[in-house]
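The values are calculated or read from the model by the stated rules, or taken from the named source; none is laboratory data. These numbers were taken from a predicted model, which means no experiment stands behind them. Glycine also receives a Cβ, built like all others from the backbone with ideal geometry; neighbour counts cover every protein chain displayed. For accessibility, only protein heavy atoms count, side chains too; no ligands or nucleic acids. Shrake-Rupley method; radii C 1.70, N 1.55, O 1.52, S 1.80 Å.
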Amino acid sequence: MNKYLFITGMGRSGTTLLDKILSNHPHINILSQPLPLLHTELSKRFIKQKYDEDLYYALNKDYDNNYKIDFNNFLKNNIISNSFLDNVFLKMKGYSGQYTSFDKVNLINTNNTFIDIYKKTIKQLTRNGDNIYIGSKEIFCESFIPFFTDNNIKCIGIIRDPRDIIASVNYPKKEKFLGAKKPTLFLVRSWLKSFNYFKSIYSENFIFLKYEDLIKNTEKTLSEITTYLNLTKFNTDFHKTNLKDQNGKEWSSNTSNEKSTSNISSESIGTYKMKLPKKEIEYIEALCYDQLKELGYQVGKKPDQKKIILEFKDFGIKDSHEIKYNFSSDEKNIKEELKRLKL
């Protein structure tokens, strides 16, 4: 019987690289974003029920512990109707965020709870072979981790320097991911959600790692993962070869930098120093200085956080229905950040 594995983290944090690396192990097969809108629509439904909010970016917002407990119970007890599923699969037709595309799977004899739908979908889509672990990768789905771990599904979170993430999202030199340029505070809050979840989950079914460790200390990091999964180690020189995708073809990475590569490269580390304006770097560091220090990222002395937050303004961002161009400099959001930082 197969075991299940779920990978998540903020978009542009290395989740795709991680799912490709692990799928190169002979006993692991991870599907890349097969059910993005199922996770999104369930989150939207729950937030609407609990808070009466209609959120477009339902996966990006962080809530308190009550949210985490209630959402866990919602996923456990909510019966998903066939009409809800039909609507989700209709929305996913041609959706660019669904990397593993497929027609709706056969869910006969499914009790229509989320866990049953998830397992049956992954099982039907996974190729035959010597898989011990099968599973999926989805971005921004940290809020699903407690539910998965409670259901004996192994989870791995990956986190990356937020300065490099924002450089990748808002200042790409190659392909643009995650849509149009977004307010810096919005992206920082999404990163803080990852941090807060990863640091608060204590379960034998969860570990998290840094993108930079995966790149710089590949052999050691992969050894820690295989030990966690109780699997044989990767071949010693595995990380020096080109990666294959889930279909056995050479993988071309989804980097936002100029060069695309099919192996593990450190070229993406520290790119923020060349891409981000100085004031934006200072702003990101002011918002999450303590978290950066805790994770071991390089930062200088503690900045004047209040002054930087009060004075910062984004540029080049278009207003939209989903998010306002002045999100970072909005008075309400500034007050919330100053309160969070006790300034």
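Under the condition of being in a loop (DSSP other than H, G, I, E, B), open to solvent by 50 Å² or more (accessible area, probe 1.4 Å) and charged (D, E, K, R), the residues counted in the stretch 290-329 number 8. Which members of the stretch 221-246 meet the condition of being among the hydroxyl-bearing types (S, T, Y) and not in a helix (DSSP H, G or I)? Correct list: T232, T236, T241. For the stretch 122-179, name all the residues that are touching an Asp or Glu at 6+ places or on another chain (Cβ under 8 Å) and in a loop (DSSP other than H, G, I, E, B). Result: R160, D161, K173, K174.
Only one of the numbered conditions (1) surrounded by 15 or more Cβ atoms within 10 Å (Cβ to Cβ); (2) modelled with pLDDT under 95; (3) over 19 Å from the mean Cα position of the chain (by Cα) is violated by K61, and that is (3). Would you call N73 assigned to a helix (DSSP H, G or I), polar (S, T, N, Q) and open to solvent by 60 Å² or more (accessible area, probe 1.4 Å)? Yes; evaluated as a whole, the condition is true for this residue. Residues being open to solvent by 30 Å² or more (accessible area, probe 1.4 Å) and more than 19 Å from the chain's Cα centre (by Cα) are entirely absent from the stretch 33-44.
Looking across the stretch 45-58, the residues that are of a type in the set (S, T, Y) and either over 20 Å from E336 (Cα atoms) or exposed (fewer than 14 other Cβ atoms within 10 Å of the Cβ) (or both) come down to Y51, Y56. Screening the stretch 132-146 for residues that are in contact with a strand residue (DSSP E or B) (Cβ under 8 Å, 6 or more places away or on another chain) and open to solvent by 10 Å² or more (accessible area, probe 1.4 Å) and picking the one that is farthest from L38 (Cα to Cα) gives I132.
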